[in-house]
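Let me begin by presenting the structure, written as structure tokens, before commenting on it.
The values are calculated or read from the model by the stated rules, or taken from the named source; none is laboratory data. Because the structure is a prediction, the values reported are computed rather than measured. Cβ placement follows ideal geometry from the backbone for every residue including glycine, while neighbour counts extend to all protein chains displayed. For the accessible areas, the whole protein counts, side chains as well, though only heavy atoms, and no ligand, DNA or RNA atoms are used. Shrake-Rupley method; radii C 1.70, N 1.55, O 1.52, S 1.80 Å.
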Amino acid sequence: MFGLSDLVALVISAFIILPVVVFLREMGYVIVGVLLGVKNPRLTVGSGPRIVKVGMFDIRKYYHLYSWFSYDSLKREGKFAYILLYAGPILVNVVVALVINAMLANDMLQEYETFWNRFIFYAFYYVLFDVVPMKTANGMPNNGLIIYEMLRYGKRTDFNEEPFIPATSEVEEQYEEEMEKIEEVKEHQKDVAAEEADTKYEERQHKAEIEKVKQDEIEDLEKAGKHEQAKKKKHEKNMPE
């Protein structure tokens, strides 16, 4: 039965373990990319508006599983360079998982054994889907398929013109375009809100004017009634007994 402890484990896995495992996976690209002399490398963590950019790290507002590596060009190009680059994420997750597993086997990290067992599980989970050659949901090859094609054919053979790893300059251009669209939407929403506020203000003013006219009419009627009553009393007073 799914209980409170399972819910806590799910939250920890979704918001701590998985994002860290994904970050380590992307760091595999960074480490190998630096060794291969990539130009303009960047590791984007999260999505949405930028919070801060420090060196090659671009931290976004919406933190979760969405992180990716990008670069503009490779100094050392070639079949084996690309194989090493795409093998980087696999190697990092394997090394980290094996190190943690060895520490657990030697009675280290016992206090948080359940946490680290889950960490190892998700690390190998991503390794599995990186190693087994396949195409992803958007038709792009995974790392295993790219490595296989590079080893067998010396190039990618999926006839997909889009690069598997995006260019940093293109990512920055797309980010600026997205931010411009977001600002346009915000400005439009402000204009709509201002128009609605003006409309509501005019409606309130119109209602206030109507209420004032009604109140004036009521006051006039009351004055007229009082005047008639006064005339009537005066007339009755002046009548002979």
For Val131, all conditions in the list (1) in contact (Cβ under 8 Å) with a residue 60 or more places away in the chain; (2) closer than 19 Å to Leu84 by Cβ hold save one; what is the number of the exception?
(1)
Only one of Gly33, Gly46 is in contact with a Pro (Cβ under 8 Å, 6 or more places away or on another chain), open to solvent by less than 20 Å² (accessible area, probe 1.4 Å) and among the small types (Gly, Ala, Ser); which?
Gly33
Give me the pairs, please: first residue somewhere in the stretch 165-184 and part of a helix (DSSP H, G or I), second residue anywhere and open to solvent by less than 40 Å² (accessible area, probe 1.4 Å), beta-carbon distance under 6 Å, and either six or more positions apart or on two chains.
Thr168/Arg42; Thr168/Ser70; Thr168/Tyr71; Val171/Ser70
Among (1) of a type outside the set (A, V, I, L, M); (2) more than 22 Å from Ala14 (Cβ to Cβ); (3) in a helix (DSSP H, G or I), the one test that Gly139 misses:
(3)
Every residue from the stretch 50-91 that is exposed (fewer than 13 other Cβ atoms within 10 Å of the Cβ) and under 15 Å from the mean Cα position of the chain (by Cα)
Val52, Lys61, Tyr62
Cβ-Cβ below 9 Å, separation at least six or inter-chain, first residue in the stretch 1-15 and among the aromatic types (Phe, Trp, Tyr), second open to solvent by 80 Å² or more (accessible area, probe 1.4 Å): which pairs?
Phe2/Leu10; Phe15/Tyr63
Looking at Leu151, is it open to solvent by 90 Å² or more (accessible area, probe 1.4 Å) and not polar (S, T, N, Q)?
yes
With respect to Asp58, is the statement that it is of a type outside the set (S, T, N, Q), in contact with a Ser or Thr (Cβ under 8 Å, 6 or more places away or on another chain) and free of Cβ contacts under 8 Å to residues at least 40 places away in the same chain true?
yes
State whether the residues of the stretch 99-112 include one that is under 17 Å from Met27 (Cα atoms), over 27 Å from the mean Cα position of the chain (by Cα) and open to solvent by 70 Å² or more (accessible area, probe 1.4 Å).
yes
Determine whether the stretch 138-148 contains at least one residue that is within 30 Å of Glu77 (Cβ to Cβ) and loosely packed, with under 11 Cβ neighbours inside 10 Å.
yes
